[in-house]
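So the structure is just underneath, and the comments pick up after that.
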Amino acid sequence: MDGHRQLVNLENIMKSFNQNAVLKGVSLEINESEVISIIGGNGAGKSTLMKILTGVYKPDSGTIRIGGEIVESYNPHVAHVKGIYLVPQEPVLFPNMTIEQNLGIGHPGKLKKSELRAKAKQLMEQLEWNLDLNRMASSLSIAEQQQVEIIKGLLRDVKVLILDEPTSSLTFAETEKLFRIIEKLKANGVGIFYITHRLDEVFQISTHAVILRDGKVTLKGDIREFTKDMLIQGLLPIDSEKKGKFSFVKRRVNRVKEEPVLQVRGLSGDGFRDISFDVYRGEVVGLAGLVGAGRTEIAEAIYGITKPYSGQVLLNGKDITRLSVRETIDQGLAYIPEDRFLNGIFSITSITNNVTAQIIRNDRFFLNRKLERTVTDEYVSKLRIKIVDQEDEIRSLSGGNQQKVVISRILATKPQLIIMDEPTRGIDAAARSDIYNIIGQLRDEGYSILLISSDLEEIELICDRIYAIYRGRCNVCLEADEIDVTNVMKAAFGTYEGV
Amino acid sequence: MSRMSQISVSVFHFLRKHREFRTFGFLIALFVIVGIFNASYLTPDNMENSVRSSVVYIIMATGMTFVLLTGNIDISVGGVLGLSAAVSATIVRNGGSIVTAFVAVIVIGLIIGLLNGLGVSVLKIQSFILTLGMNEVLRVVQVIFQGGRNVEGLPTSFQRITQHEILGVSTLSIVVILLVIGIHLFLSMNRKGRYFAAIGDKEEGAVLAGIPVKRYKIYAFMMSSVCAAIAGLIFASRIGNNIPTTAGLGYEMTVIAACVLGGVSLAGGVGSVLGATIGAIFMTSISSALVFLKVDAFWKDVISGSLLILIVVFDMLLIHRNNQKAKKQRLNARVLEIRKEM
Amino acid sequence: MQRLMKNTLRSSRWNLFLVLILILELVIFGQMNDRFLRVDTLLNSFDNFAGIAIIAFFVTFVIITGGIDISGGSIVGLASVITGILYQVAGWNIWLAAAAAIIASGLCGLLNGLLIAYVGVQAMIITLGSMLLFKGLAILLFGLSGVSVAEGISKFPTEFTDLAHIKLFGVIPMYLAVFAVMLLISYLLLHRTRYGRYIYLIGINPNTARYSGINTKRIIASTYVLSGFAAGISGVLLTSYLWSARAEFGETYLMPMLTAVVLGGTLITGGKGGVIGTALASIIVGFLQLGLQLGGVQSQYTGLAVGLLLIVSVVVLGVSGMNLRIKGVLNVKKDRGGNQNA
């Protein structure tokens, strides 16, 4: 592009996991002294692409050229040798080693200890980061850990450096210093991929921007040609590919007459501050935002998994702040956790046992197996769950059907309010519209639903009202008539300024 | 005031990083307390004796540390010790040289370690269960090997290797301590030596850093078994004659306890052979201290058992607190600060 | 083949497989020695392993929750010593003494449970430490009581020493009756009650259990209490059976106990298994020892068979379990899809 030497060229990279296409033919190249910002919503394929670039994943098809040569057998070791290094968003340090040991371990070069120290010190001086190399990694704050990861990358004489949301836990001043280092690396000819959600930063440091959406590059070019609005536009779906033929009539609840089912008042806790919102009967309310914005933390504080610092949660006018999970369930709250495999299902046991896990509490002492089967049958037919036998293990089901089993489990407790955290993640398109139908059906039956989703199109599609969470704060509420993809997107990226 | 607290904080950090010093503190406390009641406990002779009588445990604890660092456990060391004691004693009795016995013992250790290591790293069997079964098998193999009888009629030359002294100090103790220091330096300073701790510290990180995880786990088990095998030879030489079929029975638990007392974490990633050594000396010193205090010996297991539990519980509370703090920081770092508040 | 293994893992089929092995044992040992197949020989053989099996039933609970309890053997010795001292030294009524010993055993389990569930230390470490502690307590109490080791505690009233030797209806030995009753209790608890279901759910996925409002800590802790109680009962029975109280009772229980659980098809990683399998496996192990002894193999060698059985079963179940685990990991990756940062 600028006549600089080409460092890496990815051509038509495709990658899918379990028939789920994540990258649908991505081409990307980086030359010396370029800083390319990669922007995309959650699930756009950014991290998969970067993992392919660093040899962690093998692409299904497409070619990788490094320094003009096609690389055949590629793995993380080769990537290190060729000078490609990824600074992960979540630091992977060895907690019980010192910073120095962390910097040294796995270093490809035969660097002497004293040289390593000197080099690290020099880098830290430039960055004005003051870290004692003898400190244990476990004693570092998250920002410091990230600094170590960045230094680790810089120590390696990299040619291509990938920074995955490096500023997500740095302060403003620390960020500025990092940017100065990036400028310097740029001047030295290093190519940098910069993954971020913060659009301001994109304009501040990058030379180019690439927008990934749904496994494809939708926008690519010199940063000087773009404005913020153009970037937002690039993130939006093209009308024709909107989710299916599904239509949802948005509802406006008469909020003057009715009491809200759930009231959250000034709730603050780890990862969120001063959150207030309401959910009314028969309403689907969305909590929009990006991963890490604090939505799950809010939900967990409401549900009783964690304790908030201050604020109030009322369910049907009753104060349920700081109750235990069991007590909030008794009060009529239900929560479908975001990571189904990690928190949602009991994988190696039967479908029945999964459906009844919460209602067996009502049994006196011995289990009522007959009732368990009846209840399971009821929900299997109600939610049209495709199963062969109730006694089959739940992991034999598809993701969508697993999720329906989880929904059955919480419906069986007859809740007042259902919090759904990313209910359609990792689910194919058909099952997805099934879940949407179920949400609609539940709403019509009078359930109140709080929907957390990073899929902004999904949230735009099915929510009657949307609150946007941006970096732990809730400043935007979109009413039914304000909801459109652009506004939701802007709100999630913290750039919505009202109508 | 703040200076004081600063110092205490840095002392705290130092102790966290060098957990072996904590055990060393226990050891000194033990000596001082016992010394107050009975000054003869503090004689150099007695101290030398403490080390001398813990040599078998020191060697085993050193090997065990490798396994524990990778986050695994090796219960089979008692069985390895017994078998190698039986084999080496039999070789010497039948006229073989001590060198032959030594080589045989090393081979036994290597083979058993390889089997354990392959089972754990390749077949992914829980090390506890696998080595527990292995221990039982080795015990019986030892009984069969000895024909159910004690190994008798050993030449006195066999005892000499552990009795040799330089200036009144056991040569064996000196050699073992020097070796421990060497291994300590290897594990803490050498690039590859640190791989063991890295694997137990964060296995995914070790994989990302390009460490051959499986191979190093196998090395760790081999190291543990070889050490136990050498300990077996020394054990046999110490006894000198009439090696019983129960040689080394229950040693595995004492050795693991010594390691934990010495600051080696059973969760992996933390600890040093120096700490394990101090732990081993501490374990044997408790027995001798009770003798000097004229306290009955039956207090020993209660003391070491409750100390063990106290230490792991204390460590866990500390780790828990740190994790909570880290999580809090991580979440709150993301929050957009509207007002610049301190 | 893998599919076959996976299917056999579904508990009932594995139990069927265990029954087959049992029948095979009966046929083979019956051929070798016609004394083996006599009803009273087989029934009486329960005396030798039922004491281990009843602990194994409740250790099965512990292992299903994803933990482990290796302190049972030490509790057996402690319960025995407590019974003896309370009766002989403190002059309590023998039944009261026995009840107190069983309650104390439950408290031992409670200590384990609290430290594991509420402090969050690995079960392996805590029960290793408490194994040392409880055994030490037994030795300590014995020592403090002033009873000479040579004499021991053995002047129990005949109504107590007869207890373990009673034959119900003239045929059923006491041990078999206790085995059956404890099996029934543990079966009902684990497979028919809400409590039992929670144990499985916690073992399968403690996170989901927590999100489902299950009090995971309390239930995990309770399983250790049950296992402590079972060990206490076993200890009292053994005291009655052997007419004396000794601290080293139960020392050799660990290996056969875990063999029964693992061979019984309970996943060492938790979430799957059952007491029927444990019961069948303990009978298999018991009959194996009996058969070998009747076949002229000395009892000290039968450990080889048990040890090998443990290793083989853990390899077979481990390898088939590995497929489960790999699948699980893949699922996690797919489902999480780069969401580790939420």
Inset, instruction - Looking at the protein assembly as shown, send over the antiparallel percent of its DSSP beta bridges, to the nearest 5. - result: 60 percent
Legend entry - Within region C:124-256: Cβ-based charge dipole about Cα centre, in debye rounded to nearest 20 (Lys, Arg +1; Asp, Glu -1): 720 debye
Inset, instruction - Would you mind getting me the FRET efficiency between residue A:229 and residue B:111? Use the beta-carbon distance for r and R0 = 51 Å, nearest 0.05. - result: 0.10
Legend entry - GNM top mover of C:104, C:79, C:230 - chain C, alpha-carbon springs below 10 Å: C:104
Inset, instruction - Amide H neighbours of residue A:217 under 5 Å, at least 5 residues apart or on other chains, H built in the peptide plane: list them. - result: A:27
Inset, instruction - Please name which of B:279, B:175, B:146 has its Cα lying farthest along the dipole of region B:2-341 towards the positive end, using unit charges on Cβ (Lys, Arg +1; Asp, Glu -1) and the Cα centre as origin. - result: B:279
Legend entry - Taking N as its residue count, the alpha carbon Rg of chain A over 2.2 N^0.38 Å: 1.06
Inset, instruction - Work out the charge dipole of chain A with +1 on the Cβ of Lys and Arg and -1 on the Cβ of Asp and Glu about the Cα centre, then indicate which of A:325, A:346, A:446 is farthest towards its positive end. - result: A:346
Inset, instruction - Under 1.5 on a/c is rounded, so check that first for region C:80-233, then, if it is not, pick prolate when a/b is larger than b/c and oblate when it is not; a ≥ b ≥ c are the square roots of the alpha carbon gyration tensor eigenvalues. - result: oblate
Inset, instruction - Kindly express, to the nearest 10 degrees and within the range 0 to 90, the angle between helix C:194-204's C-alpha long axis and the longest C-alpha principal axis of chain C. - result: 60 degrees
Inset, instruction - Run through every distinct alpha carbon pair of the protein assembly as shown and return the Kirkwood hydrodynamic radius in angstroms, one decimal place. - result: 33.0 Å
Inset, instruction - Could you give the size of the charge dipole of chain A about its Cα centre, using +1 on the Cβ of each K and R and -1 on the Cβ of each D and E, expressed in debye and rounded to the nearest 20? - result: 720 debye
Inset, instruction - For residue A:430, put the label point 7 Å out on the Cα→Cβ axis and report which residues of region A:355-390 keep their amide N under 15 Å from it. - result: A:384-388
Inset, instruction - Give me the accessible area buried between chains B and A, both sides summed, with a 1.4 Å probe, in Å² rounded to the nearest 100. - result: 3100 Å²
Inset, instruction - Using Cα positions and a limit of under 17 Å, work out the aspartates and glutamates in reach of residue B:327, with same-chain residues fewer than 8 apart set aside. - result: A:90, A:144, A:270, A:297, A:300
Inset, instruction - Please average, across the residues of A:335-342, the number of beta carbons from any other chain that are within 10 Å of each residue's own beta carbon, and give a whole number. - result: 6
Legend entry - Among beta bridges that DSSP assigns inside region A:396-484, antiparallel share in %, nearest 5: 50 percent
Legend entry - Members of A:46/A:490; A:404/B:328; A:82/A:177; A:58/B:214; A:24/A:490 lying beyond 30 Å, as alpha-carbon distances in this model show: A:404/B:328
Legend entry - Between region C:149-189 and region A:117-138, the Cα center-to-center distance that results, in Å: 68 Å
Legend entry - Surrounding net charge for residue C:300, when Lys and Arg each add one and Asp and Glu each subtract one, Cβ distance under 15 Å: 0
Legend entry - Amide H contacts under 5 Å for residue A:192, placed H, 5+ residues apart: A:34, A:35, A:36, A:161
Inset, instruction - Taking the Cα centre of the protein assembly as shown as origin, sum charge times position over the Cβ atoms of Lys and Arg (+1) and Asp and Glu (-1), and report the length of that vector in debye to the nearest 20. - result: 360 debye
Inset, instruction - Indicate the gyration tensor shape class of region A:373-424 (rounded, prolate or oblate), computed on the Cα atoms with a ≥ b ≥ c the square roots of the eigenvalues: a/c under 1.5 is rounded; otherwise a/b larger than b/c is prolate and the rest oblate. - result: oblate
Legend entry - chain C, relative contact order [Cα under 8 Å, separation at least 6], %: 32 percent
Legend entry - Protein accessible surface hidden between A and C, which excludes ligands and nucleic acids, total in Å², probe 1.4 Å: 3900 Å²
Inset, instruction - Whole Å is fine, so just give me how far the alpha carbon centre of region C:28-42 lies from that of region C:45-112. - result: 32 Å
Inset, instruction - Please report how far the C-alpha centroid of region B:101-130 lies from that of region B:216-252, rounded to the nearest whole angstrom. - result: 13 Å
Legend entry - Degrees between helix B:171-189 axis and first principal axis of chain B (Cα, 0 to 90, nearest 10): 30 degrees
Inset, instruction - May I have the pair-distance distribution P(r) for region B:62-171, computed from all Cα-Cα distances with 5 Å bins from 0 and rounded to whole percent? - result: 2, 11, 18, 19, 17, 14, 10, 6, 2, 0, 0
Inset, instruction - Go through C:300, A:9, C:134 and say which Cα lies farthest out towards the positive end of the charge dipole of the protein assembly as shown; charges sit on Cβ, +1 for Lys and Arg, -1 for Asp and Glu. - result: C:300
Legend entry - Mean projection area, nm², convex hull over Cα of region C:1-141: 12.7 nm²
Legend entry - Per DSSP, loop GluC sites (Glu not before Pro) in region A:56-143 with at most 13 further Cβ within 10 Å: A:72, A:128
Legend entry - Shape parameters for region B:2-341, alpha-carbon atoms, Rg then Dmax in Å: 21.9, 86
Legend entry - By accessible area with a 1.4 Å probe, ligands and nucleic acids excluded, highest first: order of A:309, B:216: A:309, B:216
Legend entry - Amide H contacts of residue A:476 (H built 1.01 Å from N, under 5 Å, at least 5 apart or other chain): A:468
Legend entry - Cα gyration tensor, chain C - rounded (a/c under 1.5), prolate or oblate: oblate
Inset, instruction - Using DSSP, restrict attention to beta bridges with both residues in chain A and report what percent are antiparallel, rounded to the nearest 5. - result: 55 percent
Inset, instruction - Step through the residues of region A:79-90 one at a time and calculate ³J(HN,Hα) from phi using the Karplus curve (6.51 cos²θ - 1.76 cosθ + 1.60, θ = phi - 60°), rounding each to whole Hz and writing x for Gly and Pro. - result: 4, 4, 4, 7, x, 10, 9, 9, 8, x, 5, 9
Inset, instruction - Please turn the phi angles of region C:169-178 into ³J(HN,Hα) values with the Karplus equation 6.51 cos²θ - 1.76 cosθ + 1.60 (θ = phi - 60°), one per residue in order, whole Hz, x for glycine and proline. - result: 6, x, 10, 8, x, 3, 4, 5, 4, 5
Legend entry - Modelled label reach - residue B:295, point 7 Å along Cα→Cβ, region C:108-151 residues with backbone N closer than 18 Å: C:132-146
Legend entry - Net charge of neighbours whose Cβ lies under 14 Å from the Cβ of residue B:278, counting Lys and Arg as +1 and Asp and Glu as -1: +1
Legend entry - Qualifying GluC sites (Glu not before Pro) for region A:424-497 [loop in DSSP, other Cβ within 10 Å: at most 11]: A:445, A:497
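The values are calculated or read from the model by the stated rules, or taken from the named source; none is laboratory data. Being a predicted model, the structure only gives us computed values, none of them experimental. Glycine gets a Cβ as well: all are built from the backbone with ideal geometry, and neighbour counts include every protein chain shown. Accessible surface areas use protein heavy atoms only, side chains included; no ligands, DNA or RNA. Shrake-Rupley method; radii C 1.70, N 1.55, O 1.52, S 1.80 Å.
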